[in-house]
Amino acid sequence: MSIEGSNVTLAAVMNLRPESEGGRPSISGECPLFGCGERCGRSHFRVIGVRWAINLSCMSCAISSQTGEYIEFWNEYHLCTLATLRPDGRPHVVPVGVTVDVASGMARIITRKSSRKVANVLAGGGVGRVAVCQVDGGRWATLEGVGEVSADPAEIDGAVARYAERYGRTPAPDPERVVIRISVEKAMGHVGARHGRSDSRVAA
């Protein structure tokens with residue numbers, strides 16, 4: 001959700017704090033827009049770049065508010081696709097492995113820092129609009145959000161551990177490895193039983 005078109009003022013929904021992460025101001029506040037009733041801090045509000053483009057979205061809620069079937073679908077063994085935008089605006093779509101952290105509202109992809117997808121994310125000033133999708137027969141799910149690249153060793157180790165848990169194998173060590181971390185803003189899909197007997201729909 002964008003602040004555009006909203007009659008809720010910034011003062012009503014967040015408090016700016018002087019401390020920062022990675023050189024960017026940190027924001028915390030309750031989530032009256034989505035009724036979460038908790039202070040989620042950085043998982044709810046984000047300041048992107050020096051332009052102070054403010055994107056008001058309940059990122060942790062985007063996933064956690066979905067059905068159990070939807071969340072479990074992201075734990076099953078499925079290859080996914082990642083869509084990023086090239087600097088000239090053309091889409092770039094490649095197969096990837098994705099892990100989803102429901103509590104933080106984050107999806108993560110491990111890759112090499114020399115990859116095209118990393119270059120596309122970095123071309124947006126360090127962040128970029130991205131989407132990940134997976135399909136299994138008639139079941140599908142897409143997560144949209146803001147991607148950023150992290151070379152932090154602890155974050156890489158955590159992402160590798162999550163990958164191993166979902167995909168059943170631990171990737172070989174790679175000094176070129178980085179993590180594309182996606183702050184999920186929108187979750188959509190059509191997830192039901194494998195043979196279509198039950199249905200859980202999220203509007204696209």
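None of the figures in this text is laboratory data; all of them are computed from the coordinates on show. What you are looking at is a predicted structure, and each value in this text was computed from that prediction instead of being measured. Neighbour counts are summed over all protein chains in view; Cβ atoms, including those assigned to glycine, are modelled from backbone coordinates with ideal geometry.
For Val135 and Asp174 in the same chain, what is the full-extension length gain: residue separation times 0.36 nm, less their Cα-Cα distance, in nm?
Here the segment from Val135 to Asp174 would lengthen by 11.2 nm.
Here the label points at Ala119 and Glu76, each 7 Å from Cα along the C-beta direction, are separated by 3.5 nm in the simple model. Spacing of the modelled spin labels on Ser65 and Glu155, each 7 Å from Cα toward Cβ, amounts to 2.6 nm.
What the phi angles of segment 177-184 give under the Karplus curve with 6.51, -1.76 and 1.60, with θ = phi - 60°, is a coupling list of 6, 9, 10, 8, 9, 10, 7, 6 Hz, glycine and proline written as x. Computed over segment 77-198, the quotient of the alpha carbon radius of gyration and 2.2 N^0.38 Å is 1.06.
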